[in-house]
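Report on the structure given below.
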(Lines give C-alpha, C1' and ligand atoms only; values in the text may rest on other atoms or scores of the structure.)
Protein backbone atom coordinates (compact mmCIF):
# COMPACT_ATOMS: atom_id res chain seq x y z
CA UNK A 1 0.00 0.00 0.00
CA UNK A 2 2.84 2.39 0.85
CA UNK A 3 4.40 1.73 -2.58
CA UNK A 4 1.12 2.54 -4.31
CA UNK A 5 0.72 5.78 -2.35
CA UNK A 6 4.30 6.75 -3.18
CA UNK A 7 3.73 6.04 -6.86
CA UNK A 8 0.49 8.07 -6.85
CA UNK A 9 2.28 10.93 -5.07
CA UNK A 10 5.08 10.92 -7.65
CA UNK A 11 2.56 10.83 -10.50
CA UNK A 12 0.65 13.78 -9.04
CA UNK A 13 3.85 15.74 -8.48
CA UNK A 14 5.04 15.10 -12.02
CA UNK A 15 1.69 16.03 -13.47
CA UNK A 16 1.64 19.43 -11.79
CA UNK A 17 2.17 22.08 -14.46
CA UNK A 18 5.32 23.54 -12.94
CA UNK A 19 7.20 20.30 -12.42
CA UNK A 20 5.92 18.42 -15.46
CA UNK A 21 6.56 21.29 -17.85
CA UNK A 22 10.07 21.90 -16.57
CA UNK A 23 10.91 18.20 -16.52
CA UNK A 24 9.37 17.69 -19.94
CA UNK A 25 11.29 20.65 -21.36
CA UNK A 26 14.53 19.53 -19.76
CA UNK A 27 14.25 15.99 -21.14
CA UNK A 28 13.15 17.07 -24.62
CA UNK A 29 9.65 15.58 -24.37
CA UNK A 30 8.05 18.98 -25.05
CA UNK A 31 10.12 19.40 -28.18
CA UNK A 32 9.15 15.97 -29.52
CA UNK A 33 5.48 16.70 -28.80
CA UNK A 34 5.65 20.31 -30.05
CA UNK A 35 4.53 21.69 -26.67
CA UNK A 36 5.44 25.27 -25.77
CA UNK A 37 7.83 25.67 -22.84
CA UNK A 38 6.82 27.54 -19.71
CA UNK A 39 8.02 31.14 -19.70
CA UNK A 40 10.78 30.52 -17.13
CA UNK A 41 12.03 27.51 -19.13
CA UNK A 42 12.02 29.53 -22.35
CA UNK A 43 13.96 32.40 -20.77
CA UNK A 44 16.50 30.03 -19.23
CA UNK A 45 17.06 28.14 -22.47
CA UNK A 46 17.16 31.24 -24.69
CA UNK A 47 19.57 33.09 -22.38
CA UNK A 48 21.91 30.15 -21.83
CA UNK A 49 21.91 29.41 -25.56
CA UNK A 50 22.92 33.03 -26.23
CA UNK A 51 25.74 32.68 -23.69
CA UNK A 52 27.03 29.57 -25.42
CA UNK A 53 26.76 31.12 -28.90
CA UNK A 54 28.70 34.20 -27.83
CA UNK A 55 31.48 32.33 -26.01
CA UNK A 56 31.90 29.66 -28.69
CA UNK A 57 31.99 32.32 -31.39
CA UNK A 58 34.59 34.39 -29.51
CA UNK A 59 36.72 31.27 -29.46
CA UNK A 60 36.11 30.80 -33.20
CA UNK A 61 37.34 34.34 -33.85
CA UNK A 62 40.52 33.57 -31.92
CA UNK A 63 41.20 30.18 -33.50
CA UNK A 64 39.77 30.13 -36.99
CA UNK A 65 41.68 31.28 -40.05
CA UNK A 66 38.73 30.60 -42.36
CA UNK A 67 37.02 33.80 -43.53
CA UNK A 68 33.55 32.19 -43.68
CA UNK A 69 33.84 30.82 -40.14
CA UNK A 70 35.14 34.13 -38.81
CA UNK A 71 32.33 36.07 -40.50
CA UNK A 72 29.74 33.66 -39.13
CA UNK A 73 31.26 33.86 -35.64
CA UNK A 74 31.21 37.67 -35.66
CA UNK A 75 27.57 37.68 -36.72
CA UNK A 76 26.72 35.21 -33.93
CA UNK A 77 28.38 37.47 -31.36
CA UNK A 78 26.56 40.55 -32.65
CA UNK A 79 23.14 38.94 -33.04
CA UNK A 80 23.17 36.90 -29.82
CA UNK A 81 24.43 39.86 -27.79
CA UNK A 82 21.47 41.83 -29.16
CA UNK A 83 18.93 39.13 -28.26
CA UNK A 84 20.45 38.78 -24.79
CA UNK A 85 20.07 42.51 -24.22
CA UNK A 86 16.47 42.50 -25.53
CA UNK A 87 15.51 39.60 -23.26
CA UNK A 88 17.09 41.23 -20.21
CA UNK A 89 15.31 44.51 -21.00
CA UNK A 90 11.91 42.77 -21.10
CA UNK A 91 12.62 41.18 -17.73
CA UNK A 92 13.89 44.43 -16.19
CA UNK A 93 10.81 46.30 -17.43
CA UNK A 94 8.54 43.76 -15.71
CA UNK A 95 6.97 42.52 -18.96
CA UNK A 96 8.27 39.04 -18.14
CA UNK A 97 8.42 37.41 -14.73
CA UNK A 98 11.55 35.29 -15.03
CA UNK A 99 15.20 35.25 -14.12
CA UNK A 100 18.13 35.18 -16.51
CA UNK A 101 20.52 32.37 -15.57
CA UNK A 102 23.98 33.37 -14.38
CA UNK A 103 25.69 30.84 -16.61
CA UNK A 104 25.13 28.42 -19.47
CA UNK A 105 24.02 24.86 -18.81
CA UNK A 106 26.55 22.18 -17.89
CA UNK A 107 25.98 20.57 -21.31
CA UNK A 108 26.76 23.84 -23.06
CA UNK A 109 29.81 24.36 -20.85
CA UNK A 110 30.98 20.85 -21.78
CA UNK A 111 30.60 21.67 -25.48
CA UNK A 112 32.60 24.88 -24.97
CA UNK A 113 35.27 22.95 -23.06
CA UNK A 114 35.48 20.45 -25.92
CA UNK A 115 35.98 23.31 -28.37
CA UNK A 116 38.81 24.67 -26.24
CA UNK A 117 40.65 21.32 -26.54
CA UNK A 118 40.88 21.29 -30.34
CA UNK A 119 42.59 23.40 -33.00
CA UNK A 120 42.74 23.79 -36.75
CA UNK A 121 40.43 21.69 -38.89
CA UNK A 122 39.23 19.74 -35.84
CA UNK A 123 38.13 23.00 -34.22
CA UNK A 124 36.32 24.15 -37.36
CA UNK A 125 34.50 20.83 -37.80
CA UNK A 126 33.38 20.75 -34.16
CA UNK A 127 32.38 24.44 -34.11
CA UNK A 128 30.37 24.07 -37.33
CA UNK A 129 28.63 20.92 -36.07
CA UNK A 130 27.79 22.46 -32.69
CA UNK A 131 26.46 25.61 -34.35
CA UNK A 132 24.13 23.59 -36.53
CA UNK A 133 22.88 21.55 -33.56
CA UNK A 134 22.38 24.52 -31.24
CA UNK A 135 20.57 26.54 -33.89
CA UNK A 136 18.24 23.62 -34.68
CA UNK A 137 17.37 23.55 -30.97
CA UNK A 138 16.95 27.33 -30.82
CA UNK A 139 14.66 27.46 -33.86
CA UNK A 140 12.53 24.71 -32.32
CA UNK A 141 12.40 26.48 -28.94
CA UNK A 142 11.43 29.85 -30.43
CA UNK A 143 8.84 28.28 -32.74
CA UNK A 144 7.17 26.42 -29.91
CA UNK A 145 7.08 29.49 -27.66
CA UNK A 146 5.90 31.88 -30.39
CA UNK A 147 3.13 29.41 -31.29
CA UNK A 148 1.91 28.64 -27.77
CA UNK A 149 3.76 30.51 -25.05
CA UNK A 150 2.10 32.05 -21.99
CA UNK A 151 3.40 35.62 -22.14
CA UNK A 152 2.12 37.76 -25.05
CA UNK A 153 5.14 40.09 -25.11
CA UNK A 154 7.57 37.20 -25.05
CA UNK A 155 5.59 35.32 -27.72
CA UNK A 156 5.80 38.36 -30.00
CA UNK A 157 9.54 38.67 -29.36
CA UNK A 158 10.08 34.96 -30.04
CA UNK A 159 8.16 35.27 -33.31
CA UNK A 160 10.16 38.38 -34.31
CA UNK A 161 13.50 36.72 -33.41
CA UNK A 162 12.88 33.32 -35.01
CA UNK A 163 13.62 34.34 -38.64
CA UNK A 164 17.14 35.46 -37.64
CA UNK A 165 17.68 32.11 -35.89
CA UNK A 166 16.43 30.28 -38.98
CA UNK A 167 18.93 32.28 -41.04
CA UNK A 168 21.69 31.36 -38.56
CA UNK A 169 20.72 27.71 -38.93
CA UNK A 170 20.90 27.94 -42.73
CA UNK A 171 24.34 29.59 -42.46
CA UNK A 172 25.52 26.92 -39.97
CA UNK A 173 24.36 24.15 -42.29
CA UNK A 174 26.30 25.73 -45.15
CA UNK A 175 29.44 25.89 -42.99
CA UNK A 176 28.96 22.30 -41.84
CA UNK A 177 28.99 20.82 -45.38
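The values are calculated or read from the model by the stated rules, or taken from the named source; none is laboratory data. Treat the numbers as computed from the prediction; the structure is a model and nothing was measured. All Cβ positions, even for glycine, are placed from backbone atoms using ideal geometry, and neighbour counts span all protein chains on display.
Annotations
- Test: residue in region 103-119 that is surrounded by 17 or more Cβ atoms within 10 Å (Cβ to Cβ) and within 26 Å of residue 151 (Cβ to Cβ): yes
- Within region 149-162, being over 17 Å from residue 97 (Cα atoms) and surrounded by fewer than 16 Cβ atoms within 10 Å (Cβ to Cβ) holds for 159, 160.
- Selection of region 104-127 for residues being touching a residue at least 60 places away in the same chain (Cβ under 8 Å) and either more than 22 Å from residue 173 (Cα to Cα) or not in a helix (DSSP H, G or I) (or both) yields an empty set.
- Verdict on residue 84 being more than 21 Å from residue 123 (Cβ to Cβ), out of contact with any strand residue (DSSP E or B) (no Cβ under 8 Å at 6 or more places or on another chain) and either free of Cβ contacts under 8 Å to residues at least 24 places away in the same chain or in the same structural domain as residue 161 (by TED's automatic domain parsing) (or both): yes
- The sole residue among 91, 77, 12, 54 that is at pLDDT below 65 and over 17 Å from residue 144 (Cα atoms) is 12.
- Tally of residues being surrounded by 15 or more Cβ atoms within 10 Å (Cβ to Cβ) and closer than 15 Å to residue 173 by Cβ across region 60-77: 4
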